[in-house]
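A short worksheet on the structure shown next.
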Amino acid sequence: MDNLNILPTTMIIFGATGDLGKRKLLPALLRLKELKLLPECFNILGFATRKIDDNKFREIVKEAFRTTGITNSSDVSSAIRLEENSYFVSSSFDEMEGYKKLSEKLKEADKKCGQVTNKIFYLATPPSFFPVITDMLDGSGLASKEKGASENPKIIIEKPFGRDLDSATTLNKLVLKHFNEDDIYRIDHYLGKETVQNILFFRFANGIYEPIWNRRYVDHIQITVSEDIGIGSRGKYFEEAGILRDMFQNHIMQLLSLVAMEPPISLEAAAIRNKKIELFNSLRPIEKSEVTNLTVRGQYGGGVLNKEKVNSYREEENVSKESSTETFLALKLFVDNWRWSEVPFYIRTGKRLKKRTTELSIHFKDVPHCLFKDTESGCPKRNVLVLKIQPDEGMSFKLNIKVPGSQDKIDMVDMDFSYKETYGMELPDAYQRLLLDCMLGDSTLFPHKEAIEKSWEYVTRILEGWQELPEPKFPNYGPGSWGPEKADDLIKKDGRLWLTP
Ligand code: BG6
């Protein structure tokens, strides 16, 4: 290509035949190929325990491409090129023999490209395999950190990166033994979403908002990340994770950092990273004595959702009948710094809720003097700015207007911006952007070691607080609701309400 100057590359996907590989990674690579953003010579090398050969893997690749809705001839030819350059190693992740086969296949792939290709290892396996894979890559000489910077292999590590502060620190140490920090890409796919990236653009490309983005004008901030789906076939994983680890520690803390951090001096990875770390350092830790006041856990029961009967969490596959794993979390937190002192941030996330939506809302303070208290409408509601991350990506500003007519009546209306209406296009998938950035060596959208550890420090304290409480009484919310009643109480007791998406 190479309009972006990416050198010939081989991406080795550990766990390539799993759900993430088939649903996200392979389709994202095809989209990049169609957009001519992959190097002319690009190889995909799957490494997994399934007993299949290159040809069978090529069929899997083809099937994954089919889900992207290949329609025109250039799509088809891109797909064929990628399929032909796909290889597979069938091995367990802890067998040196497998890594020897991997070396052989890599040589074969390089030969096809006519040169040594850059290597990217993608760890899309269950997290328990991350340590063994990095060790084996080192043991087989594939993980060298000694080469010239541009030739160093890169490693992409899926979430969850650890399960508490200790395990995240240990994993960081281990990966850093074999790879340079600059070559480690800890992925959080929320950061690849256009609308998540837009939070920074919105804040710092519009002069009018930053002066009011602080405790003087903002009453409180809400973040809602809700899903209507249950945990599906991921019972085993979810039983170990729970929603705090699955959604809050990574995606939501990243959203929080973007909406609350101080302005970075540039868009450079290091500048943004430092501001995020500063923000995480300013979070007021939730002490054990406060955990009941500031957090609410929930677990979904069974019932009917969208006219279909759905299982309770405890009835899902691979879930204990007495499970106390949380599928819902509401939390109130504070950022102890000059800008946000005493401004509450209310956060809620959960499975099997009313609808799928991710949005951040900034609730501005009441007008200082209410001129309308004697009118039919009474005092106006607070202005709210809603950043809609998904599914109806866009923004909306709620403001008060006079209803036409002779009465002094106030109504709250929305000033809307919609990506779809303005650009008329589907937004690219997050993985597309993140895979490309990794190939380009740009780590801006990948959480740094320290940010990961800081976020775990905050979360681990909550986990420890929960451990000391009696077992929660689960299930405590029905499918299609907005979570347990206590989540409403959390915000109501402060005289506020959740914004219904
Ligand atoms: C994943 C979580 O990281 O994000 C899932 O493990 C969750 O539990 C998913 O469903 C949500 O991602 P998205 O992009 O659909 O909002």
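Things to note:
- Qualifying residue in segment 189-199 (condition: modelled with pLDDT of 95 or more, under 30 Å from Gly301 (Cβ atoms) and within 11 Å of the ligand (Cβ to nearest atom)): yes
- Subset of segment 61-110 (residues that are touching a Pro at 6+ places or on another chain (Cβ under 7 Å) and of a type in the set (S, T, N, Q)): Thr67, Thr68
- Subset of segment 325-345 [in contact with a helix residue (DSSP H, G or I) (Cβ under 9 Å, 6 or more places away or on another chain) and small (Gly, Ala, Ser)]: Ala330
- Hits in segment 246-263 - residues which are more than 16 Å from the ligand (Cβ to nearest atom) and over 16 Å from Asn214 (Cα atoms): none
- Taken over segment 351-397, the residue count meeting the criterion of being surrounded by 21 or more Cβ atoms within 10 Å (Cβ to Cβ), within 16 Å of the ligand (Cβ to nearest atom) and of a type outside the set (D, E, K, R) is 5.
- Candidates Ser167, Ser128 - the one that is within 16 Å of the ligand (Cβ to nearest atom) and among the small types (Gly, Ala, Ser): Ser128
- Some residue of segment 308-331 being aliphatic (A, V, I, L, M), more than 26 Å from Trp498 (Cα to Cα) and within 16 Å of the ligand (Cβ to nearest atom): yes
- Test for Phe42: is it of a type outside the set (A, V, I, L, M), buried (at least 22 other Cβ atoms within 10 Å of the Cβ), out of contact with any Cys (no Cβ under 6 Å at 6 or more places or on another chain) and over 18 Å from Lys112 (Cα atoms): no
- Among (1) surrounded by fewer than 18 Cβ atoms within 10 Å (Cβ to Cβ); (2) within 16 Å of the ligand (Cβ to nearest atom); (3) closer than 30 Å to Gly242 by Cα, the one test that Leu463 misses: (2)
- Every listed requirement among (1) closer than 16 Å to Ile13 by Cα; (2) free of Cβ contacts under 8 Å to residues at least 40 places away in the same chain; (3) surrounded by fewer than 13 Cβ atoms within 10 Å (Cβ to Cβ) is met by Ile52 save one, (3).
The values are calculated or read from the model by the stated rules, or taken from the named source; none is laboratory data. Bear in mind the structure is a predicted one, so any value in this text is a computation, not a measurement. Quick reminder, even Gly has a Cβ in these numbers, built from the backbone with ideal geometry, and neighbours come from all protein chains shown.
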